[in-house]
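Novice: Questions regarding the structure given below will be posed in turn.
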Amino acid sequence: MRKKLFVLMASVTIFTLTATSLMAQGKSSPFLITGKIPHLTKLLMQQWDDPGLNLSDLQKPKLLEIRKETLTRVRDLAPEIGSLEKQVADGIFSGQTAEDLSSIVTTIAKLKAEETMIQLRCIDATQKVLDQRQLDVLLD
């Protein structure tokens, strides 16, 4: 059980570092709603061993799995969004009109909506694992 938990933690750490690296490189957020919805699993990782949060041995693997699944799905769509955003940025300064770029912008919006739904499902799943006291500690 401990070995499995360690492997899962290592995987999540790698995914976290990858996501952090992308954001540090100036990549835009993959989400439609920014700054208003908490990244619960990120907060959890920061407070993982906090005695006030008091995560149980049953909760930890569930939370790690939620985080791993979420980060994997977000990370899989991020390159496509970045590529499309670059096409729009390059296109508008190389003679294309807003109308020419409209379909690409619509595709970006759909992908960001999908990413936002992934984030919302992550929050929903995380809330089902934590009790109200733990949520209060986490969001305080």
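Taken together, the values in this text are just the output of simple stated rules run on the coordinates, not laboratory data. Worth saying up front: this structure is predicted, and the values here are computed from it rather than measured. Cβ sites come from the backbone with ideal geometry, for glycine too, and all protein chains shown count toward neighbours.
Novice: Sort L135, L40 so the one with the fewest other Cβ atoms within 10 Å of its own Cβ comes first.
Specialist: L135, L40
Novice: What residues have an amide H closer than 5 Å to that of W48, excluding those fewer than 5 places away on the same chain, when H is modeled at 1.01 Å from N in the peptide plane?
Specialist: Residues meeting the amide H criterion: none.
Novice: Could you tally up the Lys pairs in region 20-140 with alpha carbons closer than 24 Å? Skip any pair fewer than 8 positions apart unless they're on separate chains.
Specialist: Lysine pairs meeting both conditions in region 20-140 amount to 23.
Novice: Can you work out ³J(HN,Hα) from phi for every residue in region 90-102, in order, using Karplus 6.51 cos²θ - 1.76 cosθ + 1.60 and θ = phi - 60°, giving whole Hz and x for Gly and Pro?
Specialist: Here the 3J(HN,Hα) series is 5, x, 5, 9, 10, x, 6, 8, 4, 5, 4, 8, 3 Hz.
Novice: For E114 and D76, compute 0.36 nm times the residue count separating them, minus their Cα-Cα distance, and round to one decimal in nm.
Specialist: 12.5 nm
Novice: Karplus couplings for region 112-121 from phi (6.51 cos²θ - 1.76 cosθ + 1.60, θ = phi - 60°), rounded to Hz, Gly and Pro as x?
Specialist: The phi angles translate into 5, 5, 4, 4, 5, 5, 4, 5, 5, 5 Hz.
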